[in-house]
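Reviewing the structure listed below.
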Amino acid sequence: MSKFNHLFKLTEHTDNYRLYTCDSNTARIDFVNDSCVRVAIYKNNASMLPTFSVNPENVFSANGRSRLDTSGFPMCKPEISENENTESFTLPCGITIELNTDNFLLKYYKQNSVLFADRAPLAYNFENEFGRESYHHITRMSGEKVFGLGDKGGELNKAGRAFRIETSDCMGYDASESDPLYKHLPFYICENSVGCYGIFYDTSDTSYIDLGKEINNYYAPYKYFKTEDDCLVYYVFFGTKLSVLQQFVKLCGKQAFPPKWSFDYCASTMAYTDAPQSYEKMNGFLQKLHETKLSCTGFYLSSGYTSIGHQRFVFNWNYDKFPNPKQFIEEFSKQGIEIIPNIKPAFLDCHPLYKQIADKGWFVKNPDGTPFVTEFWDGLGSYLDFTNAEAFDFWKSKVTETLLDYGITATWNDNNEFDIRDCDAQAAGFGKGIVSAGRIRPVLTYLMVAASYQAQMEKNPALRPFLSTRSGNIAVRRYAQTWSGDNRTEFADLRYCHYIGLTMSLSGFYFYGHDLGGFHGNMPSRELLLRWLQHGIFEPRLTIHSWNTDGSATMPWSYPDIIDSVREIFSQRKQLLPYIYNCAYTSVEQEIPMNAPAFLYYDDENLYTQSDTMMLGRDVFVAFVFDEGAEDVNVYLPKGSDWYLNDTCYSGGETVQLTIPCASKMPYFVRSGCILPTDEAPYGFKADEKIIFTVYPIKNGIFESEFFYDDGVSFEYQNNNCVHLNFKVCCDEHTVSVSFENTGEIAFEPEIRLCLADERKLIVK
């Protein structure tokens, strides 16, 4: 064994993988598909924990899967050439990978140019050359852009920064620079002058990534990943930014399709459930909805409903606050509002169930078998060990007995970062032996969410479950939506939460949102609240939630003098809801984000400076005002399409000046070559729906468009019990001709109109 000198030998291979060894070190390359490879570096005695993130077959396993498993992968056979100490593999996508077996250095070529490479002379930490952790060093190009890593703060482009990858309960975080936040997601997309690639490091351990902050005199520019895991398994994806993202999320399992009601306004505030008269507060909420004529379909019930004194006890109803929970839930259900109760995975040591759980051995433990105790809300407590099958089932039973049996159909899985730092804390280990709980914190979150999901499915198998989770790894997308957590009531957080949202989208968390108005701080100003709402109506999750330090509760009617403006902004959400729901379906079926920066779809360098804009689906482009006191914005329109704004059509590449008062509806651009479904019925509480299809034509030629619609709650769409319209539009100098076919089982006759900006004759066949 020598330092910095490791000559690997090929010891095993098939058409689809190659295995190399050097002393106690093993290196493996798997050719996952035509444009993806997996690399594994490990020692013979490595304790390789299972993965819960990789799940291409989308089948739940409480034990996860081996990180070296290839089941569900298409696999490919590259073209291989071999020379002394070097091998090369050409993938069907055209990428050539060159392997130098001396120190196992990989270099990736696109059209004979180096896309990136392992850093020479040593990229990995074979014999503790860099310390005790597992390392991966790769080259860094000048001007490269990096996107992803989950809910990371700051600008969209993460190049030049460094981050810690672990989960943290970070109330009142600074969205511009606080790190870490709530998600554990070691995946990023890198774009440089040669092309684009993505890397996913498959680990649940605390990790670190440096994207160019560190420099070293002895090496050319580099970036590196470091993990406390004792092995290194990573995937490399090639293609466009969009295709890299799609490959990654397909690898990790299908996104859950939430029910339609979850895309309308869902209210929340901690102030109501923390108040001594919570039931009266909630009834007052219903009354205010009727008075203000605001639409609402859900209410996130904060944990105050579980309180005993000032402390919170999951699965405990405070009967002083809610004398009859079933009646309370039924009253809201009759108004078309789903209750989404807060549940937390830790039990305070004074919880009525604590001793029972401890006696069963269902908590994360100390080495001596006693419950591991740590700080939690309002005191000390212990986390349920979801790697213990009995604890997993216990959670399901309590979700059912205390919530679902009361008529609830949704759960809010919160404070689930599993803040376990003690290296001695132990989990049951998926039935395969004890494992350090600190190594699997995001897995514990995932299993909590999976247990809640299973309980909901078993209780109501015909209904698509709705779950929200604050924390987790990429695996939680299979069951839940998420949000950016406990942000601040400041203009700066409005801007940077916008970036965090798009960053989550570029990381595979497609169904996300924010606590509109901000969660922590004084009541937001009128202007800030309205700007938050203008932004939120274009994202999947539309929720105002707060725990204001001044004792106030941020609600749509917090400022009575602007309630008409709030209603106008919310009415725009109702108008867009058929399109938003259609985008959600497309997102699930095609593995594309609902929200994304325009540069994900358009090859236009100018778009990288347009960070205050975003796409909603593929057809709507919107710009926001993030600066206090401002109203005017200059909007650069993506090249490659024409863009409609009300009665005007603009060319891509133009810059348009907009004036957007905070008290107004939002202007938005619609892409030429689409049909946009909108709800044109009057806005109001429990309002009807009237879907109109507006054609936004191209100058000449043919385009197609699709529309999906179903009952909004069931899985029946999977049996084609839905509306599925396929439009074909032919455009010439004088006419816009539309034909359509409904391939779904539900009859539907679309009402079609031509946009105001086009004066041609509309023909519907």
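Matching residues to (1) under 23 Å from the mean Cα position of the chain (by Cα); (2) buried (at least 21 other Cβ atoms within 10 Å of the Cβ):
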{"site": "I189", "(1), (2)": "yes, yes"}
{"site": "K223", "(1), (2)": "no, yes"}
{"site": "F237", "(1), (2)": "yes, yes"}
{"site": "S243", "(1), (2)": "yes, no"}
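Listed by position, the strands (runs of 3 or more DSSP E) inside segment 331-442 whose residues that are at pLDDT 95 or above and surrounded by fewer than 21 Cβ atoms within 10 Å (Cβ to Cβ) number at least 3 form an empty set.
So which residues in segment 309-324 are outside any loop (DSSP other than H, G, I, E, B) and either surrounded by fewer than 22 Cβ atoms within 10 Å (Cβ to Cβ) or of a type in the set (F, W, Y) (or both)? Residue satisfying the conditions is Q311 alone. The single condition among (1) in a loop (DSSP other than H, G, I, E, B); (2) crowded, with 21+ Cβ neighbours inside 10 Å that Y272 does not satisfy is (1). The single condition among (1) surrounded by 23 or more Cβ atoms within 10 Å (Cβ to Cβ); (2) within 16 Å of the chain's Cα centre (by Cα) that Q590 does not meet is (1).
Residues in segment 724-765 that are among the hydroxyl-bearing types (S, T, Y) and either in contact with a helix residue (DSSP H, G or I) (Cβ under 6 Å, 6 or more places away or on another chain) or more than 23 Å from E689 (Cα to Cα) (or both): T735, S737, S739. If you go through segment 634-647 and keep only what is under 20 Å from C662 (Cβ atoms) and under 28 Å from the mean Cα position of the chain (by Cα), you end up with just V635.
Of all residues being among the charged types (D, E, K, R) and assigned to a loop (DSSP other than H, G, I, E, B) in segment 655-680, which is surrounded by the most Cβ atoms within 10 Å (Cβ to Cβ)? Just the residue, please.
Looking at the filtered set, the residue picked out is K665.
Taking strands (runs of 3 or more DSSP E) that fall entirely within segment 125-177, which contain at least 1 residues that are among the polar types (S, T, N, Q)? So the answer is 134-139. Of the residues examined, E98 is one that is crowded, with 16+ Cβ neighbours inside 10 Å and in contact (Cβ under 8 Å) with a residue 12 or more places away in the chain. Does segment 85-95 contain at least one residue that is of a type in the set (D, E, K, R) and either in a strand (DSSP E or B) or crowded, with 19+ Cβ neighbours inside 10 Å (or both)? The answer is yes; a qualifying residue exists. If you go through segment 27-74 and keep only what is loosely packed, with under 15 Cβ neighbours inside 10 Å, modelled with pLDDT of 95 or more and touching an Asp or Glu at 6+ places or on another chain (Cβ under 8 Å), you end up with S71, P74. For segment 148-165, indicate whether the set of residues that are surrounded by fewer than 24 Cβ atoms within 10 Å (Cβ to Cβ), touching a Gly at 6+ places or on another chain (Cβ under 6 Å), over 21 Å from L115 (Cβ atoms) and modelled with pLDDT of 95 or more is non-empty. Scanning segment 148-165 turns up no residue that is surrounded by fewer than 24 Cβ atoms within 10 Å (Cβ to Cβ), touching a Gly at 6+ places or on another chain (Cβ under 6 Å), over 21 Å from L115 (Cβ atoms) and modelled with pLDDT of 95 or more. Taking the conditions exactly as written (under 28 Å from C423 (Cα atoms), basic (K, R) and more than 20 Å from the chain's Cα centre (by Cα)), does K213 satisfy them or not? In short, no. Of the residues that make up segment 686-696, is at least one in a strand (DSSP E or B), in contact with a Cys (Cβ under 7 Å, 6 or more places away or on another chain), closer than 25 Å to L754 by Cα and of a type outside the set (S, T, Y)? Within segment 686-696, one or more residues are in a strand (DSSP E or B), in contact with a Cys (Cβ under 7 Å, 6 or more places away or on another chain), closer than 25 Å to L754 by Cα and of a type outside the set (S, T, Y). Mind listing whichever residues of segment 209-265 are among the small types (G, A, S), under 18 Å from Y108 (Cα atoms) and assigned to a helix (DSSP H, G or I)? Listed by number, the list holds a single entry, S243.
When K699, K665, K686 are checked against the criterion of being over 25 Å from the mean Cα position of the chain (by Cα), farther than 25 Å from P638 by Cα and in contact (Cβ under 8 Å) with a residue 24 or more places away in the chain, K686 stands alone in meeting it. Inspection of segment 109-122 finds a residue satisfying the criterion of being farther than 23 Å from N595 by Cα and of a type in the set (F, W, Y).
The values are calculated or read from the model by the stated rules, or taken from the named source; none is laboratory data. If you're wondering where the values come from, they're calculated on a predicted model, not measured in any experiment. So basically every Cβ, Gly included, is an ideal-geometry build from the backbone, and we count neighbours across all protein chains shown.
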